[in-house]
């Protein structure tokens with residue numbers, strides 16, 4: 001490999017690095033800022049997130065709650081309730097890949113909220129959920 | 001030397017069909033990521049191009065689940081699936097379920113209903129319940145582990 005190619009490679013890596021700079025904290029803060037536009041004193045709450053996560057929404061027969069697939073211990077694998085496929089732990093505490101990409105978070109919130117909750121999740125709900133996932137604390 | 005490597009790669013790509021218990025799928029990161037989240041990424045060779053097209057146009061109601069994609073990803077994956085799709089009607093199903101194709105039914109004719117309803121299997125979409133190495137492309141009989149050890153259809 002000549003040095004020109006090496007530097008082009010290094011440059012690409014640097015670009016890829018900046019594109020992946022999101023963390024659970026920056027994602028949560030971004031959603032919280034959106035929520036503050038309608039609720040100025042909004043602050044993310046792990047407790048609200050936990051409640052939301054465990055709630056039976058009564059929309060989908062096979063997937064009544066987030067726990068249907070993700071389980072009730074976010075530091076452990078979940079299991080897709082229809083296909084049986086293993087779902088990696090949702091908590092960034094044990095799974096460093098979680099909530100490091102806004103587009104990926106939006107894709108899954110988009111699908112799963114409509115599926116389980118029957119509507120889009122609000123920015124406040126997303127902030128609460130990420131707060132809860134980051135500090136799953138007790139099992140619920 | 002490079003042209004030999006190219007030739008080898010080309011040969012592997014052309015040989016991308018189900019044979020001898022292996023299904024070689026050319027690498028496509030988008031397909032693997034997007035189609036492999038809720039179930040394993042099913043090889044394109046297991047359904048016809050027409051079936052794939054129809055399936056990919058209804059992802060918001062994907063067998064009862066919302067699996068919607070952005071337009072760019074959807075186009076890329078549809079193109080990939082069409083390119084390597086099956087060419088035989090044995091791999092076609094009006095339900096768009098691979099498990100309803102005549103190929104699938106024939107391949108699984110010895111699997112008992114008790115095995116299909118085993119909690120570890122749960123669904124015909126759960127290939128890896130028995131084909132433990134399927135995600136690495138190995139679908140051979142050597143790689144099959146049937147939960148409960150049952151394989152032959154029996155009545156007892």
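The values are calculated or read from the model by the stated rules, or taken from the named source; none is laboratory data. Quick caveat, the model's predicted, so the values are computed rather than measured. As a convention, Cβ positions derive from the backbone with ideal geometry for all residues, glycine included, and neighbour counts pool all protein chains shown.
Computed values, structure above
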{"quantity": "Residue in the stretch B:57-77 that is part of a helix (DSSP H, G or I), away from chain A (no Cβ under 12 Å) and under 16 Å from the mean Cα position of the chain (by Cα) present", "calculated": "yes"}
{"quantity": "Identity of the residue in the stretch A:72-92, in a loop (DSSP other than H, G, I, E, B) and free of Cβ contacts under 8 Å to residues at least 12 places away in the same chain, that ends up nearest to residue B:63 (Cα to Cα)", "calculated": "A:83"}
{"quantity": "Number of the condition not met by residue B:136 [criteria: (1) away from chain A (no Cβ under 14 Å); (2) without any contact (Cβ under 8 Å) to a residue 24 or more places away in the chain; (3) over 26 Å from residue A:79 (Cβ atoms); (4) exposed (fewer than 13 other Cβ atoms within 10 Å of the Cβ)]", "calculated": "(3)"}
{"quantity": "Unmet requirement for residue A:97, which otherwise passes all of (1) more than 11 Å from the chain's Cα centre (by Cα); (2) within 13 Å of chain B (Cβ to nearest Cβ); (3) surrounded by fewer than 16 Cβ atoms within 10 Å (Cβ to Cβ)", "calculated": "(1)"}
{"quantity": "Qualifying residue in the stretch B:118-130 (condition: within 25 Å of residue B:24 (Cα to Cα), away from chain A (no Cβ under 14 Å) and assigned to a loop (DSSP other than H, G, I, E, B))", "calculated": "no"}
{"quantity": "Filter result for residue A:67 (in contact with a helix residue (DSSP H, G or I) (Cβ under 9 Å, 6 or more places away or on another chain), more than 16 Å from residue A:28 (Cβ to Cβ) and surrounded by 17 or more Cβ atoms within 10 Å (Cβ to Cβ))", "calculated": "yes"}
{"quantity": "Residue match in the stretch B:140-152 (condition: under 14 Å from the mean Cα position of the chain (by Cα) and either surrounded by 15 or more Cβ atoms within 10 Å (Cβ to Cβ) or in a loop (DSSP other than H, G, I, E, B) (or both))", "calculated": "yes"}
{"quantity": "Odd one out for residue B:103, checked against (1) within 11 Å of another protein chain (Cβ to nearest Cβ); (2) at pLDDT 95 or above; (3) more than 24 Å from residue A:81 (Cα to Cα)", "calculated": "(1)"}
{"quantity": "Odd one out for residue A:69 among (1) in a loop (DSSP other than H, G, I, E, B); (2) in contact (Cβ under 8 Å) with a residue 12 or more places away in the chain; (3) within 14 Å of chain B (Cβ to nearest Cβ); (4) over 12 Å from the mean Cα position of the chain (by Cα)", "calculated": "(1)"}
{"quantity": "Answer from B:50, B:79, B:70, B:58 - the residue that is at pLDDT below 95 and either over 24 Å from residue A:90 (Cα atoms) or in contact with a helix residue (DSSP H, G or I) (Cβ under 9 Å, 6 or more places away or on another chain) (or both)", "calculated": "B:70"}
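Every residue, every condition in (1) part of a loop (DSSP other than H, G, I, E, B); (2) within 18 Å of residue B:34 (Cα to Cα); (3) in contact with a strand residue (DSSP E or B) (Cβ under 7 Å, 6 or more places away or on another chain), yes or no:
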{"site": "A:94", "(1), (2), (3)": "yes, no, no"}
{"site": "A:98", "(1), (2), (3)": "yes, yes, no"}
{"site": "A:108", "(1), (2), (3)": "no, yes, no"}
{"site": "A:115", "(1), (2), (3)": "no, yes, yes"}
{"site": "A:129", "(1), (2), (3)": "no, no, no"}
{"site": "A:133", "(1), (2), (3)": "no, no, no"}
